[in-house]
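The values are calculated or read from the model by the stated rules, or taken from the named source; none is laboratory data. No experiment lies behind these values; they were computed from the predicted model shown. Cβ: placed from backbone, ideal geometry, glycine included. Neighbour counts: every protein chain shown. All accessible areas refer to the heavy atoms of the entire protein, side chains included, with ligands and DNA or RNA removed. Shrake-Rupley method; radii C 1.70, N 1.55, O 1.52, S 1.80 Å.
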Amino acid sequence: TQLLEQSPQFLSIQEGENLTVYCNSSSVFSSLQWYRQEPGEGPVLLVTVVTGGEVKKLKRLTFQFGDARKDSSLHITAAQTGDTGLYLCAGAMAGNTGKLIFGQGTTLQVKP
Amino acid sequence: GAGVSQTPSNKVTEKGKYVELRCDPISGHTALYWYRQSLGQGPEFLIYFQGTGAADDSGLPNDRFFAVRPEGSVSTLKIQRTERGDSAVYLCASSLGHEQFFGPGTRLTVL
């Protein structure tokens, strides 16, 4: 059973389009992180959201944590070819010491 | 400074053999994590060390898997009697606070 459901799993869009990736769970997380992973490399942290309803922006990327801290979204505005990669959400359970539960990942391809 | 390094980068072995995967964390990082990532999936937690001790080994799939961190720095993940289903990328991460810094992984292929 996947604790964190990430959707869509694959996304192929044209440069300049907008997109949203969703991360959903029935469990409450103390924090939720978004990572980006390139082929042959480990995941790199993009952002951490901690408070229910929190919105964080990183240039063209907007991250939101659900009010109940069970879900999150990543929105990319005007995608660029350099945004191509694997995006992963990961949740930390309350009381846990750092173990992360990852979603399945969203493979994004941005075509020129 | 140097990031997390993992050796070897690739390991091909035969079913039934023993393998060791090494992780060198960022200097000074007290926490070290091992994850396993299968093709098309997100990383799956295996074990977490705080210093020398395993604080959480709930993700180890069975007793063929074992990990050590004897001096609180370098860690070794050991897999006995490897099976084809063990084929995956094994990722190591270290942290001082909440952010985990990942290494490039070791791609293990069991033939």
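Quick one: is B:Arg36 among the basic types (Lys, Arg) and open to solvent by less than 40 Å² (accessible area, probe 1.4 Å)?
yes
Among the residues of the range A:54-61, are any under 20 Å from A:Ile13 (Cβ atoms), buried (at least 20 other Cβ atoms within 10 Å of the Cβ) and without any contact (Cβ under 8 Å) to a residue 60 or more places away in the chain?
Checking the range A:54-61: not a single residue is under 20 Å from A:Ile13 (Cβ atoms), buried (at least 20 other Cβ atoms within 10 Å of the Cβ) and without any contact (Cβ under 8 Å) to a residue 60 or more places away in the chain.
For the range A:72-88, which positions are in a strand (DSSP E or B) and out of contact with any Asp or Glu (no Cβ under 9 Å at 6 or more places or on another chain)?
Once the filter is applied, which keeps residues that are in a strand (DSSP E or B) and out of contact with any Asp or Glu (no Cβ under 9 Å at 6 or more places or on another chain), the range A:72-88 yields A:Ser72, A:Ser73, A:Leu74, A:His75, A:Tyr87, A:Leu88.
Filtering the range B:80-103 down to residues that are touching a strand residue (DSSP E or B) at 6+ places or on another chain (Cβ under 7 Å) and more than 14 Å from every other protein chain (Cβ to nearest Cβ), which residue is surrounded by the most Cβ atoms within 10 Å (Cβ to Cβ)?
Only one residue tops the list, namely B:Thr82.
Take the residues of the range B:60-79 that are in contact (Cβ under 8 Å) with a residue 24 or more places away in the chain and outside any strand (DSSP E or B): which is least open to solvent (accessible area, probe 1.4 Å)?
B:Arg69
I'm trying to understand the selection: among the residues of the range A:1-41, which are in a loop (DSSP other than H, G, I, E, B) and either open to solvent by less than 20 Å² (accessible area, probe 1.4 Å) or among the acidic types (Asp, Glu) (or both)?
Of everything in the range A:1-41, those that are in a loop (DSSP other than H, G, I, E, B) and either open to solvent by less than 20 Å² (accessible area, probe 1.4 Å) or among the acidic types (Asp, Glu) (or both) turn out to be A:Leu4, A:Glu15, A:Glu17, A:Glu38, A:Glu41.
Among the candidates A:Glu38, A:Glu15, A:Glu54, single out the residue that is in contact with a Pro (Cβ under 7 Å, 6 or more places away or on another chain) and of a type in the set (D, E, K, R).
Among A:Glu38, A:Glu15, A:Glu54, only A:Glu15 is in contact with a Pro (Cβ under 7 Å, 6 or more places away or on another chain) and of a type in the set (D, E, K, R).
Determine if the range A:85-99 includes at least one residue that is at negative phi, away from chain B (no Cβ under 14 Å) and touching a strand residue (DSSP E or B) at 6+ places or on another chain (Cβ under 8 Å).
No, every residue in the range A:85-99 fails to be at negative phi, away from chain B (no Cβ under 14 Å) and touching a strand residue (DSSP E or B) at 6+ places or on another chain (Cβ under 8 Å).
B:Thr106 fails exactly one of the following numbered conditions: (1) polar (S, T, N, Q); (2) more than 12 Å from the chain's Cα centre (by Cα); (3) within 12 Å of another protein chain (Cβ to nearest Cβ). What is the number of that condition?
Status for B:Thr106: all satisfied but (2).
Hey, any hits in the range B:12-21 for a residue that's within 14 Å of chain A (Cβ to nearest Cβ), in a strand (DSSP E or B) and closer than 29 Å to A:Leu86 by Cα?
yes
May I ask you to list the residues in the range A:22-45 that are within 24 Å of A:Thr84 (Cβ to Cβ), among the hydroxyl-bearing types (Ser, Thr, Tyr) and more than 10 Å from chain B (Cβ to nearest Cβ)?
Matches in the range A:22-45: A:Tyr22 only.
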